Amino acid sequence: MSIKVKINPILEFILMIVYLSEINESRFIVTENNEFNERINNNFSHLKDHPLVLKMPEMWDKNFCWLGMVHTVMFLNEDFKFPDYKDYLSLFTENYEISLEETLDYISELKTLYDQSGFEAFIKQEYQVYKPLIDDLEKVLNERPLIQILDNYLGVTTKPFNIILSLFRRGFMSLETRSIIVCQLSRFLLEMAQQRNEFDRSIFNGVWHELSHPIINPLTDEHFEDNNIDFEVQYYCDINESIIWGITNRLSLLNGLITENDLPIVYENGKRNRAPKSQETTELLALYESDDKFKNIRDFYPELIKLF
């Protein structure tokens, strides 16, 4: 079955609310001038003083932000309802310190604004604007068996997944529900990759990276629990990002996307992106590939964690 790429209009609508509210989160969404943002300004700048836009900074400060916001959207259907409400409620209460009632009320009000604003028609037009990018993306995604490559390397079977293209988001992201992984790619980063002639590499690395998180993060969770390690965000991210950068580096080498000569720049890029030990993990994973006693990445994780 071929991989298809979609745009999630509800996600883009809520990201637009963040953008119009002028929350200073340029790491989360693209705030600098570009053609897409100009079209947003031309069509929706009149909403800047809308009560729901003005309320967004308050909601953001209450943790309706980053993963909490995007995770919420991933559970919503086109009517802003929760078909898998029990799963959402479980995830929400386990991971996000935010008022559920207030969040549901806010989402209900956003549904009304979404219907009144004409955003759905706007995003359909934007889909046509970015259809050449989506076509190029789907072509690359289906040129090689990238999921089979990842599964064979890690010794796992990846859960069902969807790939969405975000027009607002600055970076790539993966989110997991009980039944599916959502891999979110960034229009902004893909356009930059096209300009640098790194489009194929960016797509493969991005998808491998994001689909590795649901495999590696739980192993780190187990390590923390088994060893009574206090959770610290930076340390946790350093571990996961460094290991996953090592995985994508090895896959890129093995599949001819980069050469050994590219590695110094790749390692420096890793350090700038919360992967301080990507060189060490890349080099150690060569042992994983050569020693048959390691059947999968879980078997090898105890070796990797020694680096930290």
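Any read-out appearing in this document is the output of simple, stated calculations on the displayed coordinates, not a laboratory observation. No experiment lies behind these values; they were computed from the predicted model shown. Backbone-built Cβ (ideal geometry, glycine too); neighbour counts: all protein chains shown.
Looking only at segment 159-179, how many residues end up being closer than 11 Å to Pro214 by Cα, assigned to a loop (DSSP other than H, G, I, E, B) and either hydroxyl-bearing (Ser, Thr, Tyr) or out of contact with any helix residue (DSSP H, G or I) (no Cβ under 9 Å at 6 or more places or on another chain) (or both)?
Total meeting the criteria: 1.
If the requirement is being of a type in the set (A, V, I, L, M, F, W, C) and in a loop (DSSP other than H, G, I, E, B), which of these qualifies: Val156, Val207, Val182? It would help to see each step written out before you state the result.
Values: Val207 fails: in a loop (DSSP other than H, G, I, E, B); Val182 fails: in a loop (DSSP other than H, G, I, E, B).
Going through Val156, Val207, Val182 in turn, just one is of a type in the set (A, V, I, L, M, F, W, C) and in a loop (DSSP other than H, G, I, E, B): Val156.
For segment 194-216, which positions are surrounded by 13 or more Cβ atoms within 10 Å (Cβ to Cβ) and among the charged types (D, E, K, R)?
Glu198, Asp200, Arg201, Glu210
Among the residues of segment 1-50, write down those that are under 21 Å from Leu76 (Cβ atoms) and polar (S, T, N, Q).
Asn8, Ser21
Within segment 100-146, which residues are surrounded by 14 or more Cβ atoms within 10 Å (Cβ to Cβ) and among the small types (Gly, Ala, Ser)?
Result: Ser117, single match.
May I ask you to list the residues in segment 53-76 that are of a type in the set (A, V, I, L, M) and either buried (at least 17 other Cβ atoms within 10 Å of the Cβ) or on the phi > 0 side of the Ramachandran plot (or both)? Can you show your working first?
If we filter segment 53-76 for residues that are of a type in the set (A, V, I, L, M), which is where we start, we get 53-54, 56, 59, 67, 69-70, 73-74, 76.
Result: Val53, Met56, Met59, Met69, Val70, Val73, Met74, Leu76.
Taking the condition of being closer than 17 Å to Glu126 by Cα and among the polar types (S, T, N, Q), how many residues in segment 153-183 meet it?
1
Given the criteria within 25 Å of Thr72 (Cα to Cα), part of a helix (DSSP H, G or I) and in contact with a helix residue (DSSP H, G or I) (Cβ under 9 Å, 6 or more places away or on another chain), does Leu189 qualify?
Numbers: within 25 Å of Thr72 (Cα to Cα): yes; part of a helix (DSSP H, G or I): yes; in contact with a helix residue (DSSP H, G or I) (Cβ under 9 Å, 6 or more places away or on another chain): yes.
When the stated conditions are applied, Leu189 passes them.
Under 8 Å by Cβ, and 6 or more places apart or on different chains, what pairs join a residue from segment 23-36 that is within 17 Å of Glu58 (Cβ to Cβ) with one that is of a type in the set (Lys, Arg) and crowded, with 17+ Cβ neighbours inside 10 Å?
The qualifying pairs are Phe28/Arg169; Phe28/Arg170.
Only residues that are acidic (Asp, Glu) and surrounded by 10 or more Cβ atoms within 10 Å (Cβ to Cβ): list them for segment 25-39, please. So that I can check it myself, show each step before the final result.
Start the filter on segment 25-39 by keeping residues that are acidic (Asp, Glu), which leaves 25, 32, 35, 38.
Glu25, Glu38, listed by residue number.
Any idea which of Ile149, Ile164, Ile181 is surrounded by 15 or more Cβ atoms within 10 Å (Cβ to Cβ), aliphatic (A, V, I, L, M) and closer than 20 Å to Ser90 by Cβ?
Values: Ile149 fails: closer than 20 Å to Ser90 by Cβ; Ile164 fails: closer than 20 Å to Ser90 by Cβ.
Answer to the check: Ile181.
Enumerate the pairs (first residue in segment 63-86 and within 19 Å of Phe28 (Cβ to Cβ); second residue anywhere and among the hydroxyl-bearing types (Ser, Thr, Tyr) and part of a helix (DSSP H, G or I)) with beta-carbon separation below 8 Å, excluding pairs fewer than 6 apart on the same chain, so at least 6 apart or on different chains.
As it stands, the answer is Phe64/Thr72; Phe64/Thr103; Phe64/Tyr106; Thr72/Tyr88; Thr72/Thr103, since those pairs meet every condition given.
With segment 217-292 as the region, which helices (runs of 4 or more DSSP H) entirely inside it contain at least 2 residues that are surrounded by fewer than 20 Cβ atoms within 10 Å (Cβ to Cβ), at negative phi and small (Gly, Ala, Ser)? Quick ask: steps written out before the conclusion?
Values: elements: 233-254, 263-272, 278-290.
Where helices (runs of 4 or more DSSP H) fall fully within segment 217-292 and carry at least 2 residues being surrounded by fewer than 20 Cβ atoms within 10 Å (Cβ to Cβ), at negative phi and small (Gly, Ala, Ser), they are 278-290.
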